[in-house]
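The values are calculated or read from the model by the stated rules, or taken from the named source; none is laboratory data. Because the structure is a prediction, the values reported are computed rather than measured. Cβ atoms come from the backbone with ideal geometry, glycine included; neighbour counts cover every protein chain shown. Remember, those area values only see protein heavy atoms, side chains included, never the ligands or the DNA or RNA. Shrake-Rupley method; radii C 1.70, N 1.55, O 1.52, S 1.80 Å.
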Amino acid sequence: NTASAQVRVTLDTIAPAIIITSPADNSYTNTTPITVSYTVDGLPKTKSIGLTEGLNTITISEVDEAGNTGSAEARVYLDTVLPAVVIKSPANNSYTRTSPIDITYTVDGGPDRTEPANLTEGPNTVTITKADLAGNSGSASITVHLDTVSPAVVIKSPANNSYTRTSPIDVTYTVDGG
């Protein structure tokens, strides 16, 4: 008597190809967890990953039926901190006779930056808003008064074209009716 049997075995020495499709490498986000989208040998998959503030290295690893391991990495920055915008000049509640004016400010203590601001007569609220790479927005505001009207000075005494025998004399006047 003889007997036989067949077994089919596939030799697989190639690790699965992992490609992270989202998020992009070296990207920024302000939320956690994030959904990581990737493919394993062309088949789409997703995984939720929690992040910590700062740089996170995400590693996706998959093992195929033969025990081969494939992996891919992406670096993602979690930034939940609003940018600190500080207006350096002009001072809050300052007055100017000209428009536009330059607003000098910093973001997160970095170098001075300057932007023009157009003003209208009277008080103006000037706001500088800046967003970081993660989409967080920070802002600062000041009030700047544009005054292009000369003050109205009215002399109350002495009367116009009057005569006096003494010097010095007292002059009484008002400015802008006050």
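Here are a few things to note about the model shown:
- Residue in segment 71-89 that is under 21 Å from the mean Cα position of the chain (by Cα), closer than 15 Å to LEU119 by Cβ and loosely packed, with under 13 Cβ neighbours inside 10 Å present: no
- Residue that is modelled with the lowest pLDDT [pool: residues in segment 94-116 that are within 19 Å of GLY138 (Cα to Cα) and among the aliphatic types (A, V, I, L, M)]: VAL107
- Test: LYS88 is within 26 Å of ASN136 (Cα to Cα), basic (Lys, Arg) and out of contact with any Asp or Glu (no Cβ under 9 Å at 6 or more places or on another chain): no
- Where a residue in segment 123-144 is free of Cβ contacts under 8 Å to residues at least 60 places away in the same chain and its partner, wherever it lies, is hydrophobic (A, V, I, L, M, F, W, C) and in a loop (DSSP other than H, G, I, E, B), with Cβ under 7 Å and at least six apart: SER137/LEU82; GLY138/LEU82; GLY138/ALA84; VAL144/LEU119
- Exactly one residue out of PRO23, PRO33, PRO16 is touching a residue at least 40 places away in the same chain (Cβ under 8 Å) and either among the basic types (Lys, Arg) or closer than 14 Å to TYR77 by Cα (or both): that is PRO23.
- Within segment 31-46, restricting attention to residues that are part of a loop (DSSP other than H, G, I, E, B) and farther than 21 Å from ASP132 by Cα, the residue that is least open to solvent (accessible area, probe 1.4 Å) is GLY42.
- Summed over segment 47-58, the residues that are part of a strand (DSSP E or B), open to solvent by 30 Å² or more (accessible area, probe 1.4 Å) and polar (S, T, N, Q) give a count of 2.
- Near pairs, Cβ below 9 angstrom, 6+ apart or cross-chain, from segment 147-176 (within 30 Å of THR120 (Cβ to Cβ) and without any contact (Cβ under 8 Å) to a residue 60 or more places away in the chain) to any residue that is among the basic types (Lys, Arg) and assigned to a loop (DSSP other than H, G, I, E, B): ASP147/ARG97; THR148/ARG97
- Screening the candidates VAL144, VAL154 for the property of being of a type in the set (Val, Ile, Thr), at pLDDT below 95 and either within 30 Å of THR174 (Cα to Cα) or surrounded by fewer than 10 Cβ atoms within 10 Å (Cβ to Cβ) (or both) yields one hit, VAL154.
- Listing of strands (runs of 3 or more DSSP E) fully contained in segment 59-178 that carry 2 or more residues being over 30 Å from THR35 (Cβ atoms) and of a type in the set (S, T, N, Q): 94-96, 101-107, 122-131, 137-146, 172-175
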